[in-house]
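Structure record follows, encoded as structure tokens.
The values are calculated or read from the model by the stated rules, or taken from the named source; none is laboratory data. On a predicted model such as this, the values are computed, not experimentally measured, just so you know. Using ideal geometry, Cβ is built from the backbone for each residue, glycine included, and neighbour counts are taken over all protein chains shown.
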């Protein structure tokens, strides 16, 4: 069964995956970029290789989302999958369903800081990013090796996954809370996962502490400097990788975001931002 780690892009999914992967896929809890590879992205072209479909054909791919998930679930174990997709239903083809999903951990971040982070990561203007966040957009294209991700707009992405809340299969994680009290929020995440698994939770204290220390932001920055991080983008001007782990806990929309754009994003998502305590 799938446990989804869902979020709008640049909202803290990487940190959440780092914590979870280190707990479930490492011996001692010492984080390394290799361990995060145990949590794959959905959709991913490699997952569709056992199906006789054209992975460049949008309708064919979307039509087979559920079939792919059913095939993966035949392994009869619990797997974590990252996604930046909203919980869509396109032409009666849903992104997922409760038969294939054990639950979702949804990570959310103040959209004003999402904008700043996405602008840096994607090398696009604040205006371009905010238009994507409001109008909705698709990440990537059907090129035969990767599959696009339908992120939708920021508000719809957040609201769509709340449908899991009605069946007690939903945990909301605010990136700001995770940064400010990583130990507390990570324990909440682990308890939620074990509850979904219907297994009594006993914390591996030594592994847990190793994870907390090894995912310290400055240590992860040094690890990126030393080894690089494959999810980093390439600078269009220099050809060098852009630092993925850039600011961490620092909140910079108040100093980096134009007041008119701040007002624009607040007007677009006022209801959701109030609900989440961002306004």
Of the conditions (1) at pLDDT 80 or above; (2) under 21 Å from the mean Cα position of the chain (by Cα); (3) surrounded by 14 or more Cβ atoms within 10 Å (Cβ to Cβ), residue 242 fails just one. Which one is it?
(1)
Of the residues in region 52-75, how many are touching a helix residue (DSSP H, G or I) at 6+ places or on another chain (Cβ under 7 Å) and not in a helix (DSSP H, G or I)?
4
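Residue 117: within 17 Å of residue 17 (Cβ to Cβ), part of a loop (DSSP other than H, G, I, E, B) and within 20 Å of the chain's Cα centre (by Cα), yes or no?
no
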If we take region 169-221, then helices (runs of 4 or more DSSP H) inside it with 3 or more residues that are farther than 21 Å from residue 31 by Cα are 182-197
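Given the structure, is residue 213 under 20 Å from the mean Cα position of the chain (by Cα), at pLDDT 65 or above, surrounded by fewer than 14 Cβ atoms within 10 Å (Cβ to Cβ) and under 24 Å from residue 38 (Cβ atoms)?
It is false that residue 213 is under 20 Å from the mean Cα position of the chain (by Cα), at pLDDT 65 or above, surrounded by fewer than 14 Cβ atoms within 10 Å (Cβ to Cβ) and under 24 Å from residue 38 (Cβ atoms).
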Does residue 25 qualify as being under 17 Å from residue 193 (Cβ atoms) and free of Cβ contacts under 8 Å to residues at least 40 places away in the same chain?
yes
Given the structure, is residue 110 within 19 Å of the chain's Cα centre (by Cα) and under 28 Å from residue 20 (Cα atoms)?
yes
Can you give me the number of residues within region 1-46 that are surrounded by fewer than 20 Cβ atoms within 10 Å (Cβ to Cβ) and under 19 Å from residue 187 (Cβ atoms)?
5
So, of the residues in region 137-161 that are exposed (fewer than 14 other Cβ atoms within 10 Å of the Cβ) and without any contact (Cβ under 8 Å) to a residue 24 or more places away in the chain, which turns out to be nearest to residue 104 (Cα to Cα)?
140
Can you tell me which of 193, 116, 185 is in contact (Cβ under 8 Å) with a residue 60 or more places away in the chain and either surrounded by fewer than 19 Cβ atoms within 10 Å (Cβ to Cβ) or farther than 25 Å from residue 270 by Cβ (or both)?
193
Here's a check for you: in region 120-136, which residue that is under 17 Å from the mean Cα position of the chain (by Cα) and farther than 13 Å from residue 157 by Cβ is surrounded by the fewest Cβ atoms within 10 Å (Cβ to Cβ)?
122
Go over the candidates 95, 80 one by one and state the one that is under 30 Å from residue 269 (Cα atoms) and touching a strand residue (DSSP E or B) at 6+ places or on another chain (Cβ under 7 Å).
80
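From the list 49, 74, 56, which one is surrounded by fewer than 20 Cβ atoms within 10 Å (Cβ to Cβ), at negative phi and in contact (Cβ under 8 Å) with a residue 12 or more places away in the chain? Explain how you work it out, then say what you get.
Working: 49 fails: in contact (Cβ under 8 Å) with a residue 12 or more places away in the chain; 74 fails: in contact (Cβ under 8 Å) with a residue 12 or more places away in the chain.
Matching residue, one of 49, 74, 56: 56.
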Leading residue by the ranking (surrounded by the fewest Cβ atoms within 10 Å (Cβ to Cβ)) among those in region 77-96 that are more than 17 Å from the chain's Cα centre (by Cα) and closer than 24 Å to residue 146 by Cβ:
91
Residues satisfying the stated conditions in region 1-51, i.e. under 16 Å from residue 139 (Cβ atoms), in a helix (DSSP H, G or I) and touching a strand residue (DSSP E or B) at 6+ places or on another chain (Cβ under 9 Å):
13, 14
Of the residues that sit in region 79-90 and are assigned to a loop (DSSP other than H, G, I, E, B) and out of contact with any helix residue (DSSP H, G or I) (no Cβ under 6 Å at 6 or more places or on another chain), which one is farthest from residue 16 (Cα to Cα)?
88
